[in-house]
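Asks: Have a look at this one before I ask anything.
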Ligand code: MG
């Protein structure tokens, strides 16, 4: 097999602001594994939060190439993944792209979609939330109204001194929507208790990562005392982190680009269940190529936040569809079931 890649730039439809950063354009790396006349694809979504850039991804792919070149069978993913990790340790975004591409290629060789290869029921795929980034209240209200009818669940980004005003704006513009909140580590434990009481009054369903990732003591206190379920994202990067947070949360947000791909995500889902934790599948700002890899696992999740491609000005791939937010997996398309969009 051979491994090639290209760095591309994706543009957000609206500047994507969360408590610590704003993204307007992001660099992504499209990875291709070729063998026997077929191609498997994957996307690397490097994250600042974990010290990654397109440059670190390219260096990792360069190191991984020899592993792919000396093997001809994409189905030997367990061994390939172990060797890829040895060549480029800690490079989750690059690993996720290569493992996704191997899964895509293996599925195409067998002529079956990944959900079928993994024995999952597409009818069990959850409804995804759609994210409302931080913005001026007027813009937030406009974004919420634009999502009406298409996305019945909204994930609202908070973590500024205007949290209350923004949440009231969202609730007014979407009286019937299911609302989730993500503070991306912005609050102190005291602020989190205060905010969560108010959010519970507004009928919010759950809160994600209210306080800094490593404050497990604060998180345990919140889990005991806050009125809403607590989902951890930044606190849980990969499999080893899952048991550490079993008593500090009600659930975890698993992202392929954060953990190293769909197979590590699957291990995390099982570990979460063993630890009594709920599972959310999330994503970064990304094309449908990255979203597809997570979407095929989504029948195992309680919650999905797979709106990364819906937040783009232009999605360069056609992948899983969303019907009023519900993830629709193609019954036939082999592998990831993704193709380049026309034009
Ligand atoms: Mg999050």
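Asks: Would you point out the residue of the stretch 263-284, among those that are under 20 Å from residue 28 (Cβ atoms) and surrounded by 24 or more Cβ atoms within 10 Å (Cβ to Cβ), that is nearest to the ligand (Cβ to nearest atom)? Before the answer, list the steps.
Replies: Initial filter on the stretch 263-284 (under 20 Å from residue 28 (Cβ atoms)): 264-265, 281-284.
Those left that are additionally surrounded by 24 or more Cβ atoms within 10 Å (Cβ to Cβ): 265, 281-283.
Values: 265: 15, 281: 12, 282: 6, 283: 10 Å.
The selected residue is 282.
Asks: Shifting gears a bit: Those residues that are within 16 Å of residue 325 (Cβ to Cβ) and either assigned to a strand (DSSP E or B) or within 9 Å of the chain's Cα centre (by Cα) (or both), I need them from the stretch 270-310; list them, please. Walk me through it before giving the result.
Replies: As a first pass, look at the stretch 270-310 and keep what is within 16 Å of residue 325 (Cβ to Cβ): 280-283, 288, 291, 294-295, 298-299, 301-310.
Within the stretch 270-310, 280, 281, 282, 283, 291, 294, 303, 304, 305, 306, 307, 308 qualify.
Asks: Tally time: how many residues in the stretch 200-224 are loosely packed, with under 14 Cβ neighbours inside 10 Å and farther than 22 Å from residue 170 by Cβ?
Replies: So the answer is 3.
Asks: Please work out which residue is surrounded by the fewest Cβ atoms within 10 Å (Cβ to Cβ), limiting yourself to the stretch 124-138 and to residues that are touching a residue at least 60 places away in the same chain (Cβ under 8 Å) and outside any strand (DSSP E or B).
Replies: Filtering the stretch 124-138 down to residues touching a residue at least 60 places away in the same chain (Cβ under 8 Å) leaves 124-131, 133-135.
In the following step, the residues that additionally are outside any strand (DSSP E or B) were identified as 124-126, 129, 133-135.
Working: 124: 12, 125: 25, 126: 21, 129: 27, 133: 20, 134: 22, 135: 20.
Of everything passing the filter in the stretch 124-138, 124 is surrounded by the fewest Cβ atoms within 10 Å (Cβ to Cβ).
Asks: Continuing with this model, one more query. Would you say residue 52 is surrounded by 18 or more Cβ atoms within 10 Å (Cβ to Cβ), in contact (Cβ under 8 Å) with a residue 12 or more places away in the chain and within 30 Å of residue 163 (Cα to Cα)?
Replies: Working: surrounded by 18 or more Cβ atoms within 10 Å (Cβ to Cβ): yes; in contact (Cβ under 8 Å) with a residue 12 or more places away in the chain: yes; within 30 Å of residue 163 (Cα to Cα): yes.
Yes; evaluated as a whole, the condition is true for this residue.
Asks: Same structure, new question: Sort through 82, 69 and tell me the only one that's touching a strand residue (DSSP E or B) at 6+ places or on another chain (Cβ under 8 Å) and loosely packed, with under 15 Cβ neighbours inside 10 Å.
Replies: On the way: 82 fails: touching a strand residue (DSSP E or B) at 6+ places or on another chain (Cβ under 8 Å).
Testing whether each residue is touching a strand residue (DSSP E or B) at 6+ places or on another chain (Cβ under 8 Å) and loosely packed, with under 15 Cβ neighbours inside 10 Å leaves just 69.
Asks: Quick one: what pairs do we get from the stretch 233-254, first residue over 16 Å from residue 223 (Cα atoms), second more than 16 Å from the ligand (Cβ to nearest atom), C-beta under 7 Å, 6+ apart or different chains?
Replies: 238/260; 238/264; 239/264; 239/267; 239/271; 254/269
Quick note: the coordinates plus some simple rules give every number you see, no bench work behind them. Not measured: the values here are computed from a predicted model. Positions of Cβ are generated from backbone atoms using ideal geometry, with glycine treated the same way; all protein chains shown enter the neighbour counts.
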